[in-house]
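The values are calculated or read from the model by the stated rules, or taken from the named source; none is laboratory data. All values derive from a computational prediction rather than experimental measurement. Neighbour counts run over all protein chains shown; Cβ positions are idealised from the backbone, glycine included. Calculation scope for accessible area: heavy atoms of the full protein, side chains included, ligands and nucleic acids excluded. Shrake-Rupley method; radii C 1.70, N 1.55, O 1.52, S 1.80 Å.
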Amino acid sequence: MNKQLLKITILSILVITLIISGCAQLSSEKPYKESRFLMDTLIEITAYGPQGQSAVKDAFSEFERMYDLANQYDPNSQVSKVNQAAGSNKVVVDDDILDMVEESCQLADKLDGAFDVTIGPLVDLWGIGKKGEYVPADSEIANVLPLVNYKLIELDKVNKTLYLPQKGMQLDLGGIAKGYAVDKAIAKLQAAGIKSALINAGGTVRVVGSRPDGKPWRIGVQDPRKADGVSAKLELAGWDAMETSGDYQRFMMKDDVRYAHIFDPRTGKQPRDMAAVTMIMNNASQGDVFSTALFVLGVERSMELLKQFPGVEAIFITLDGKVITTPGLAGKVE
């Protein structure tokens, strides 16, 4: 088992232990649990009820479908086809791709452009996890930054096409596809009549209903510097989704400096204020976008922007280990 998979596994065990512990003993319903490595992370689905097994299988089919559509490293995926046609022609894509791109761009407008689905050229340039200790020069970053601009995307919902007008532009839906797949998988569970379930997709958590014993799901937020540590705990009462972005999930070290996989699309470099941001809300795909953008923006600006989004809450963990929460979580975080 490689170090990245081990780290993801530990995180998943941490979350599941906090959530499932004690539930099975208090419920007559037996859970069906299944884990698979998909979308570059370990995904665990637990469902209670007589239709649990078949519902979980259907839920996993959504992750597989989204991965096939949005994997930019598969030359046959729809996202790759869009990237290959950049500066050349429009590409017909699935409604799910259109929805993810549209939602990303709409939220980016409200979040200071701190999230950008055209960040692909920067991701490739840095190659975190693929190029060893490589750190690009400022001149190299400056050369690709003009290709990172979500406002240039041409999206046609009538004809179902996407077009990137400059050669070298690249879509990268890694910041929304996993959360979007979680939402689709939850819909499959609910359609099967599941009343109590949990999906943990490498830090993206969404639940159906309450625990089998009737109590709210209780979630732990990982300590970004201790793989088996918890920085905060809370109950998902009034929310059903929780998403974390952090500098510990994928990174490399050089000269004692941590270079994470999260970039500020406006500068082409890593933010230096946060260790992790956890969103608590009712939409996993939007949670993906929010957690990334707020990680980039830092606590002060994030707090100001979140005033526009009632019911959306956040837990910030700074580089010095300080835990800061939005006002709506006052008295609810341990």
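Data table
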{"quantity": "Verdict on Asp240 being open to solvent by 20 Å² or more (accessible area, probe 1.4 Å), in contact (Cβ under 8 Å) with a residue 24 or more places away in the chain and not polar (S, T, N, Q)", "calculated": "yes"}
{"quantity": "Filter result (in a loop (DSSP other than H, G, I, E, B), under 17 Å from Thr244 (Cα atoms) and either at pLDDT below 90 or not aliphatic (A, V, I, L, M) (or both)) within the range 318-333", "calculated": "Gly321, Lys322, Thr326"}
{"quantity": "Qualifying residue in the range 162-172 (condition: crowded, with 22+ Cβ neighbours inside 10 Å, at pLDDT 95 or above and among the basic types (Lys, Arg))", "calculated": "no"}
{"quantity": "Flag for Gly179 being closer than 21 Å to Pro265 by Cα and open to solvent by less than 20 Å² (accessible area, probe 1.4 Å)", "calculated": "yes"}
{"quantity": "Total residues in the range 112-149, condition closer than 21 Å to Gln84 by Cα and among the aromatic types (Phe, Trp, Tyr)", "calculated": "1"}
{"quantity": "Conditions (1) crowded, with 23+ Cβ neighbours inside 10 Å; (2) farther than 27 Å from Leu42 by Cα; number of the one not met by Phe63", "calculated": "(2)"}
{"quantity": "Selection status of Asp68, part of a helix (DSSP H, G or I), touching a residue at least 24 places away in the same chain (Cβ under 8 Å) and charged (D, E, K, R)", "calculated": "no"}
{"quantity": "Members of the range 152-161 that are assigned to a loop (DSSP other than H, G, I, E, B) and either in contact (Cβ under 8 Å) with a residue 24 or more places away in the chain or surrounded by 14 or more Cβ atoms within 10 Å (Cβ to Cβ) (or both)", "calculated": "Ile153, Lys157, Asn159, Lys160"}
{"quantity": "Condition check for Gly193: of a type in the set (Gly, Ala, Ser), surrounded by fewer than 22 Cβ atoms within 10 Å (Cβ to Cβ) and touching a residue at least 60 places away in the same chain (Cβ under 8 Å)", "calculated": "yes"}
{"quantity": "Given (1) more than 22 Å from the chain's Cα centre (by Cα); (2) open to solvent by less than 40 Å² (accessible area, probe 1.4 Å), index of the condition Ile199 fails", "calculated": "(1)"}
{"quantity": "Members of the range 83-100 that are part of a loop (DSSP other than H, G, I, E, B) and over 21 Å from the mean Cα position of the chain (by Cα)", "calculated": "Ala85, Ala86, Gly87, Ser88, Asn89, Lys90, Val93"}
{"quantity": "Flag if Val144 is open to solvent by 20 Å² or more (accessible area, probe 1.4 Å) and over 20 Å from Thr41 (Cβ atoms)", "calculated": "yes"}
{"quantity": "Residue in the range 7-18 that is open to solvent by 50 Å² or more (accessible area, probe 1.4 Å), assigned to a loop (DSSP other than H, G, I, E, B) and either farther than 28 Å from Pro224 by Cα or at pLDDT below 50 (or both) present", "calculated": "no"}
{"quantity": "Residue that is most open to solvent (accessible area, probe 1.4 Å), among those in the range 251-310 that are of a type in the set (D, E, K, R) and in a strand (DSSP E or B)", "calculated": "Lys269"}
{"quantity": "Candidate set: the range 233-257, residues that are in contact with a Pro (Cβ under 8 Å, 6 or more places away or on another chain) and of a type in the set (A, V, I, L, M); chosen: the one modelled with the lowest pLDDT", "calculated": "Ala237"}
{"quantity": "Unique match (being open to solvent by less than 50 Å² (accessible area, probe 1.4 Å) and polar (S, T, N, Q)) among Ser77, Ser35", "calculated": "Ser77"}
{"quantity": "Some residue of the range 222-244 being outside any loop (DSSP other than H, G, I, E, B), within 25 Å of Thr325 (Cα to Cα) and in contact with a Leu (Cβ under 6 Å, 6 or more places away or on another chain)", "calculated": "yes"}
